[in-house]
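Below is one structure, written out as structure tokens, with a few remarks after it.
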Number of protein chains: 6
Amino acid sequence: MQISARNQLKGKITSITLGSVMAEVVVTLPDGQEIVSAITRHSAESLNLKNGDEAVAIIKSTEVMIGKNP
Amino acid sequence: MQISARNQLKGKITSITLGSVMAEVVVTLPDGQEIVSAITRHSAESLNLKNGDEAVAIIKSTEVMIGKNP
Amino acid sequence: MQISARNQLKGKITSITLGSVMAEVVVTLPDGQEIVSAITRHSAESLNLKNGDEAVAIIKSTEVMIGKNP
Amino acid sequence: MQISARNQLKGKITSITLGSVMAEVVVTLPDGQEIVSAITRHSAESLNLKNGDEAVAIIKSTEVMIGKNP
Amino acid sequence: MQISARNQLKGKITSITLGSVMAEVVVTLPDGQEIVSAITRHSAESLNLKNGDEAVAIIKSTEVMIGKNP
Amino acid sequence: MQISARNQLKGKITSITLGSVMAEVVVTLPDGQEIVSAITRHSAESLNLKNGDEAVAIIKSTEVMIGKNP
């Protein structure tokens, strides 16, 4: 399935922290940049996410802000 | 000001499309990856965004999904 | 690719409105319920969305609110 | 109060999981489709959500992505 | 209907800008603070929003970031 | 850094609840209005948020809905 979210950053999962409802998943990109994701614990479990897995951080354009130094 | 949004990706603005209400801004990262942002036109204008500007794409962790190939 | 977004509602595209930056896409579910999506025009074009297409409305759990009548 | 969020799906609450900060609430629609919501625990408590309650899953259009099989 | 979104700020609508797909609505709070909202044009029209209307800006907690000066 | 998010409400932190993955932070505005934010625990810790801190609640316009009484 192709999805409309235009930002799809490929990397490897390097950290998973499970809470009772939510999970924090870190995807490290090839250049070392880390992307942090907060998803439900159930999502992390149903995708069977594990450290070292190849994964994609997906972000809808309307969720991206722009910062600029004056 | 430091902000809680943990994903802050530095790059250069390489495209700005202005609509009547919204604007699409593309930030190209050093490795060539493009990040697409949809913000209000007023935001783009009040930050005076221009092609070639250094900028930061900022994303709250709760907005990041994870994709995985089975 | 499997994605972490847990809400995936299958239907048919019944309306597409293109603006200069954004597009509104309506997905009608089998029971007649309409789901309205606002994505970038570029996303709608790159997916080549057309009326009658089978499509999936995808929603991250953290974006869903709950309403209740007292 | 009427709200601008255009996606309002009526169903019954069929699962509530409480964490220390967040809560996961599942609303099952009449056709059996489940909608998963992640809200704060305080929200779940202040609405006094219980299994079997009639509830509405509310989603802003800008949060809905579109998927399409090629 | 009560909704789970915990941030509900009452004010008056002081500006509406309509695009082809999106609309920008400004709600001015009693203390003069402006809250800017980007919703679909169809939402603005179906709520029949007009300047001077009393309105509520509604924000889900997971959408609120925190900034702090060091 | 200036950021595109147009809603920036200044106040003081009056409550912090830490979960294993998420944290709830309450910012009280000068007029007594409370803004509730759900961010990751790691964000709260890396900003070293404490009760009494001056802080800014930051909200992207596309995340703000409008409610209206009929």
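Laid out as a table, the results:
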item: Unmet criterion (only one of (1) closer than 24 Å to B:Met65 by Cα; (2) without any contact (Cβ under 8 Å) to a residue 40 or more places away in the chain) for C:Leu18; result: (1)
item: Verdict on F:Val56 being among the aliphatic types (A, V, I, L, M), in contact with a Leu (Cβ under 7 Å, 6 or more places away or on another chain) and more than 9 Å from chain D (Cβ to nearest Cβ); result: yes
item: Within the stretch A:42-60, tally of residues that are part of a loop (DSSP other than H, G, I, E, B) and over 27 Å from C:Val27 (Cα atoms); result: 6
item: Candidate set: the stretch B:1-49, residues that are touching a Pro at 6+ places or on another chain (Cβ under 8 Å) and charged (D, E, K, R); chosen: the one farthest from A:Ser37 (Cα to Cα); result: B:Asp31
item: Tally, over the stretch B:24-41, of residues that are more than 12 Å from the chain's Cα centre (by Cα), part of a loop (DSSP other than H, G, I, E, B) and more than 7 Å from chain A (Cβ to nearest Cβ); result: 2
item: The stretch F:1-10, residues that are in a strand (DSSP E or B) and under 19 Å from F:Val64 (Cα atoms); result: F:Ile3, F:Asn7, F:Gln8, F:Leu9, F:Lys10
item: Residue satisfying all of: in the stretch E:61-70; of a type outside the set (Asp, Glu) and within 15 Å of F:Gln8 (Cα to Cα); modelled with the lowest pLDDT among these; result: E:Asn69
item: Selection status of C:Ser20, part of a loop (DSSP other than H, G, I, E, B) and within 14 Å of chain E (Cβ to nearest Cβ); result: yes
item: From C:Lys68, C:Lys10, residue being among the basic types (Lys, Arg), without any contact (Cβ under 8 Å) to a residue 40 or more places away in the chain and surrounded by fewer than 20 Cβ atoms within 10 Å (Cβ to Cβ); result: C:Lys68
item: All positions within the stretch F:17-50 that are surrounded by fewer than 17 Cβ atoms within 10 Å (Cβ to Cβ), touching an Asp or Glu at 6+ places or on another chain (Cβ under 9 Å) and closer than 19 Å to E:Asn7 by Cβ; result: F:Thr28, F:Pro30, F:Asp31
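The values are calculated or read from the model by the stated rules, or taken from the named source; none is laboratory data. Not measured: the values here are computed from a predicted model. Counting neighbours? That spans all protein chains shown, and the Cβs are built from the backbone with ideal geometry, glycine included.
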